[in-house]
1. Tally the residues that are more than 24 Å from Gly123 (Cα to Cα) and outside any strand (DSSP E or B), restricting the search to the range 242-254.
2. Going by what's in this entry, would Val302 be described as within 17 Å of Pro235 (Cβ to Cβ), of a type in the set (Val, Ile, Thr) and more than 22 Å from the chain's Cα centre (by Cα)?
3. Can you tell me how many residues in the range 125-146 are within 18 Å of Glu322 (Cβ to Cβ) and assigned to a strand (DSSP E or B)?
4. Given the conditions (1) exposed (fewer than 14 other Cβ atoms within 10 Å of the Cβ); (2) closer than 25 Å to Val73 by Cβ; (3) of a type outside the set (A, V, I, L, M, F, W, C), which single one is not true for Glu40?
5. Just a yes or no: is a residue in the range 209-224 part of a helix (DSSP H, G or I) and either surrounded by fewer than 19 Cβ atoms within 10 Å (Cβ to Cβ) or among the β-branched types (Val, Ile, Thr) (or both)?
6. Looking only at the range 4-17, which residues are closer than 21 Å to Gly46 by Cβ and loosely packed, with under 13 Cβ neighbours inside 10 Å?
7. Looking at (1) open to solvent by 10 Å² or more (accessible area, probe 1.4 Å); (2) assigned to a loop (DSSP other than H, G, I, E, B); (3) among the hydroxyl-bearing types (Ser, Thr, Tyr), which is the one condition that is false for Ser201?
Amino acid sequence: MQPAILQQVRASLLDKRTALSQWLAGTPARARAIHLGPTEETAVTGHLGNLEGYLAQADGGRLGLCTVCHDFVDSKHLVVDYTAHVCLDHLSREEASQLERELEMAQVIQKALLPTEVPDLPGLQLAAFTRPAQIIGGDYFDFLSYQAGAAGWAVGDVAGHGVSASLHMAGLQAMCRAIIPSSAGPAEAAERIQRLFVHNSRYTTFVSLFLAAYAPATRALTYCNAGHNPPLLMPAEGTRGAAARWLQPTGAAIGLVEEAAYAEECLLLDPGNLLVMYTDGIVEATNGEGRPYEAERLARVVGEVRRSTAGEVVRAVTQDLEDFLGGRELADDITLVVARVL
């Protein structure tokens, strides 16, 4: 094993440990609950404990040591999975086949192109807005299709901002574009992204991610929320007995815990419904008095313009946020994606 590779992996493990420790110590309880979804916080401390074990192996020169032949595993294997402890030659045929597929997927991800455009879907109007706090940022959104052809979209937020977050975001975007088209639905896509992300030494933080698939013929929305701020589903004006709904997390943020389970929810949308997806830079933005914008204000603004087009809703929210900030600079990246059912 090349010493430079071991040092690279060790440095990534240290960065990951720091990021998770800072998240535990400095993130408000409400935000931690969103990122965790239904997962217990002890899973993060367990993740940290495992990182300590792998760091001890790295310090002792044992990281990547094969438990069968006691030689080191291939360096490329260790970079994409720092838990690797069996050489390729000693894997079963099924294990070798799965690893080969994952390594091929990693190559596809590195080569993936990143352009995006708002699709033209029957019966659905889409609009999006994003602005980094610095020159580049860690927010992400994209429009994709699933294996059976269902239209889909993704909204994600890498913990942190600036150059480091933007590099993680580029990797996340490439993963989504490589994985979603070959996945049956959002939950399967989230599980596959988590598997590739969680032990990859190139990724030293975690990502919240909202994945959705939409069937225009039935207006069915299937989603998986991996520790992301709950999107707002606003009913059409005049709908009796209908209240705004927040699409709560159905799993933990990508890379936050080691053993993550992701569930799907399915909704039947009605004409006039608005689905508002956003990143925490909007609801956590603070004005000169130190008050946060908060999700309740977002819901009020959307409710006031619920009859408007998707683009007009985006403009109303961003204008209200600008008025709220009163000229203050953004502290975090902001992204807003609005879908209106026609």
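1. Residues meeting the conditions: 5.
2. On the way: within 17 Å of Pro235 (Cβ to Cβ): yes; of a type in the set (Val, Ile, Thr): yes; more than 22 Å from the chain's Cα centre (by Cα): yes.
Yes.
3. Number satisfying all stated conditions: 6.
4. (2)
5. No, the range 209-224 has no match at all.
6. none
7. Condition (1) is where Ser201 drops out.
Quick grid of which residues meet (1) among the β-branched types (Val, Ile, Thr); (2) at pLDDT 95 or above; (3) touching a strand residue (DSSP E or B) at 6+ places or on another chain (Cβ under 9 Å):
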{"position": "Ala244", "(1), (2), (3)": "no, no, yes"}
{"position": "Pro249", "(1), (2), (3)": "no, yes, yes"}
{"position": "Ala253", "(1), (2), (3)": "no, yes, yes"}
{"position": "Leu274", "(1), (2), (3)": "no, yes, yes"}
{"position": "Asn287", "(1), (2), (3)": "no, no, no"}
{"position": "Arg300", "(1), (2), (3)": "no, yes, no"}
{"position": "Arg307", "(1), (2), (3)": "no, no, no"}
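The values are calculated or read from the model by the stated rules, or taken from the named source; none is laboratory data. Note that the structure is predicted; figures quoted are calculated from it, not measured. Cβ sites come from the backbone with ideal geometry, for glycine too, and all protein chains shown count toward neighbours. Note: areas computed on protein heavy atoms with side chains; ligands, DNA, RNA excluded. Shrake-Rupley method; radii C 1.70, N 1.55, O 1.52, S 1.80 Å.
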